[in-house]
Amino acid sequence: MLEVHSLGKEINDFFASQASVSRQQCDEVARSIAGDPIEPTVIQGSFSYTVTAGATPPRIVQFRAQSSLLDMEILALARDVHPDTVPAVTFYGTLSDGGAKPLHVYVMEKVSGIVYIEEKCCDESTAEARAEANARRFVTIRDFAKYDFVTGEPIQSSANLG
């Protein structure tokens, strides 16, 4: 059977291609910021390593590649607009062993709810239902891509977003 998702492989691939530091170094930094336990999140990004750290309250500690920095001004604006759903984010600096691939460390509140990618919008027990669910997700993502969250206006672009 084809393996679709392997958390260990995703994490190993990230550190092999994106980071000049080790997973163990990142876990130690997360532990020093938020405490034990340290647990990788189920969904990992291609350009980040993300863990849940600490017990009360748990926090998200994310180590991001240089090519995928968070825009702190946009995050602050989003939090001002949606304080109940957008977590507070703090930039904790850069982690590097002197190599060319430093990681930028961000810490945020762990908000309750379901991660969008894990949300099931409908019954997905058949191929037809899965196709319908994927089409709905695509529409949502496309619509987000067309919206300027700063101005509140649709983005006018020559790019074909569907």
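The values are calculated or read from the model by the stated rules, or taken from the named source; none is laboratory data. Note that this is a predicted model, so its numbers are computed, not measured. Please note: Cβ atoms are built from the backbone with ideal geometry, for glycine as well, and neighbour counts cover all protein chains shown.
Out of all the residues in the stretch 13-47, which are surrounded by fewer than 15 Cβ atoms within 10 Å (Cβ to Cβ) and more than 17 Å from the chain's Cα centre (by Cα)?
Residues satisfying the conditions are ALA16, SER17, SER22, GLN24, GLU28, SER32, GLY35, ASP36, PRO37.
For the stretch 7-54, name all the residues that are charged (D, E, K, R), farther than 17 Å from SER68 by Cα and outside any strand (DSSP E or B).
Residues satisfying the conditions are LYS9, ARG23, ASP27, GLU28, ARG31, ASP36.
I need the full set of residues from the stretch 55-73 which are in a strand (DSSP E or B) and of a type in the set (Val, Ile, Thr), in order please.
ILE60, VAL61
Given (1) β-branched (Val, Ile, Thr); (2) in a strand (DSSP E or B); (3) surrounded by fewer than 16 Cβ atoms within 10 Å (Cβ to Cβ), identify the lone condition not met by THR85.
(2)
Out of GLN24, GLN44, GLN18, I need the residue that is in the same structural domain as TYR106 (by TED's automatic domain parsing) and under 12 Å from LEU103 (Cβ atoms). Which one?
Residue meeting the stated conditions: GLN18.
May I ask you to list pairs of residues, at least six apart or on different chains, whose Cβ atoms are under 8 Å apart, with the first in the stretch 31-42 being on the phi < 0 side of the Ramachandran plot and the second being among the acidic types (Asp, Glu) and not in a strand (DSSP E or B)?
Listed pairs, sorted by first residue: ILE38/ASP27; VAL42/GLU118.
Could you run through the stretch 88-106 and say how many residues are surrounded by fewer than 11 Cβ atoms within 10 Å (Cβ to Cβ) and among the aliphatic types (A, V, I, L, M)?
So the count comes out to 1.
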